[in-house]
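First comes the structure, then the notes that go with it.
The values are calculated or read from the model by the stated rules, or taken from the named source; none is laboratory data. Predicted model only: the values in this text are computed from it and were never measured. Reconstructed Cβ throughout: ideal geometry from the backbone, glycine too, with neighbour counts over all protein chains shown. What goes into the accessible areas is simple: the full protein's heavy atoms, side chains included, and nothing from ligands, DNA or RNA. Shrake-Rupley method; radii C 1.70, N 1.55, O 1.52, S 1.80 Å.
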Amino acid sequence: MSAKSKRKASKAGPVLPDSEKDFQNGGGELGDNNGRSPETPLVNDRVMEAMNKGFAEINLKLEQIIGGQSDLAERVSSQERQTTEHSEVIKTLVNRIDELEQYSRKDDLIVSGLEIMHVSFSRAVTMDRAPDHHDNAPTHELETLEDKVVEFLNSHGITVHTDQIYLCHTLRGRVKEKKSLIIMRLVSRKAKLFILRNSSKLKGTNVYINEHLTKKNSDIARAARVLRKQGKVQSTWVRNCTVFVKTLAGSEDARILAIRQLTDLDEFSKNI
């Protein structure tokens, strides 16, 4: 080998055997063409298989969760529908009960502001004062509540007879009050209407006679009077235990309305 060739070989590095060349190049028995060991593809396949299996399990769980949420949403929607239906049924039953209660009071009148003492309390006071005073008690102490109400009405031009009154009593728990609310049940609707039509004769006495309304209808009547004071309706009154309002005069839609629900009156007041 010439000196010039030796210099080139020294610059290029030592000459290696073919087997060592293959090893450095990633070939031969110690590696593949990519510089990886023979076990590397198998390991990668196992990792990918495990990852795919994990993803599949996650997807399955997500599908189960989504399905569970759909079932839950359906159950909630079903419960809401049932709640709405039950609310409507309850509302209907409550209204029906109120109608029945009001019907049972159709022949009743409420007398308020009358200064009077119930006979049972009057007699109790008499007996407490003197046990032997009962037989000699003044007539006004032994009068029944019914007689006193009839006497008061007749003295103001409202002719009523005791045989027209089925029963007469004060509200429970208010017997000892001098101005208790008095419930008077008439034997006929005719007698009741006669007293109501003539109740204006009691003006100035601070005694008032009204129909015996349920709490629901009393609330409606009270709200209607508020609207009248506010000038939103022309007038309001109660007839046969039903509350009526008359819209403002001069309005094209002026009419008489029967108010059977408090919500109807609220809706009416909003549209004024």
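Is there a residue in segment 226-245 that is at pLDDT below 85 and on the phi > 0 side of the Ramachandran plot?
no
Looking at segment 176-192 only, could you name the residues that are modelled with pLDDT of 90 or more and open to solvent by less than 60 Å² (accessible area, probe 1.4 Å)?
If the condition is that a residue be modelled with pLDDT of 90 or more and open to solvent by less than 60 Å² (accessible area, probe 1.4 Å), then 182, 183, 184, 186, 188, 191, 192 are the ones that fit.
Starting from residues that are part of a helix (DSSP H, G or I) and either exposed (fewer than 12 other Cβ atoms within 10 Å of the Cβ) or basic (Lys, Arg) (or both), keep the ones in segment 199-252 and report whichever is nearest to the chain's Cα centre (by Cα).
Top of the filtered list is 216.
Could you list, ordered by first residue, the pairs with Cβ atoms under 8 Å in which the first is in segment 182-209 and at positive phi and the second is open to solvent by less than 30 Å² (accessible area, probe 1.4 Å), at least 6 apart or interchain?
Matching pairs, first to second residue: 206/113.
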